[in-house]
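The values are calculated or read from the model by the stated rules, or taken from the named source; none is laboratory data. Fair warning: this is a prediction, and the values are worked out from it, not measured in the lab. Please note: Cβ atoms are built from the backbone with ideal geometry, for glycine as well, and neighbour counts cover all protein chains shown. Heavy atoms of the whole protein, side chains included, go into the accessibility calculation; ligands, DNA and RNA do not. Shrake-Rupley method; radii C 1.70, N 1.55, O 1.52, S 1.80 Å.
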Amino acid sequence: MRVVFYKSESGTEPVREWLKELRKEDRKAIGDDIKTAQFGWPIGMPLIEKIEKDIWYVRTNIRDGIARTFFTIDKNTMVLLHGFIKKTESIPLNERQTAKRRLKNLGG
């Protein structure tokens, strides 16, 4: 399966930009976990969890918390929709909504 970044209508890639803001070792850990999902799909917990119809996330432990990288599968492509560092028990609603909105935008 190939992996691509979600691209907004304006051409930005929000997940790529988020990753660039992180420390090098955190980017590497997230990249390694995405690669595990890419080559081992389908995978379940503790690495991957489905949270909505057509939306999953990769869970990566990093120094500042737990990174969540939301994605969808479109044919044989993993599209990285959204990423954030989780610091609370549950996933904040606005983070879910961002991933859902980007998924909807993929459909045209």
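Figures for the structure shown
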quantity	calculated
Residue match in the range 22-36 (condition: of a type in the set (Val, Ile, Thr), open to solvent by 40 Å² or more (accessible area, probe 1.4 Å), at pLDDT 95 or above and at negative phi)	yes
Residues located in the range 25-59, provided they are within 10 Å of the chain's Cα centre (by Cα) and among the hydroxyl-bearing types (Ser, Thr, Tyr)	Tyr57
Ile51, sole failed condition from (1) modelled with pLDDT under 95; (2) open to solvent by less than 40 Å² (accessible area, probe 1.4 Å); (3) under 23 Å from Glu9 (Cα atoms)	(3)
Positions within the range 60-82 being touching a Ser or Thr at 6+ places or on another chain (Cβ under 9 Å) and closer than 26 Å to Gly11 by Cα, in sequence order	Ala67, Arg68, Thr69, Phe70, Met78, Val79, Leu80, Leu81, His82
Tally of residues being touching a Gly at 6+ places or on another chain (Cβ under 7 Å) and aliphatic (A, V, I, L, M) across the range 1-18	1
Number of positions in the range 60-101 that are open to solvent by 40 Å² or more (accessible area, probe 1.4 Å), among the basic types (Lys, Arg) and touching a residue at least 24 places away in the same chain (Cβ under 8 Å)	3
Any chance Arg16 is under 13 Å from the mean Cα position of the chain (by Cα) and either of a type outside the set (Asp, Glu) or exposed (fewer than 12 other Cβ atoms within 10 Å of the Cβ) (or both)	yes
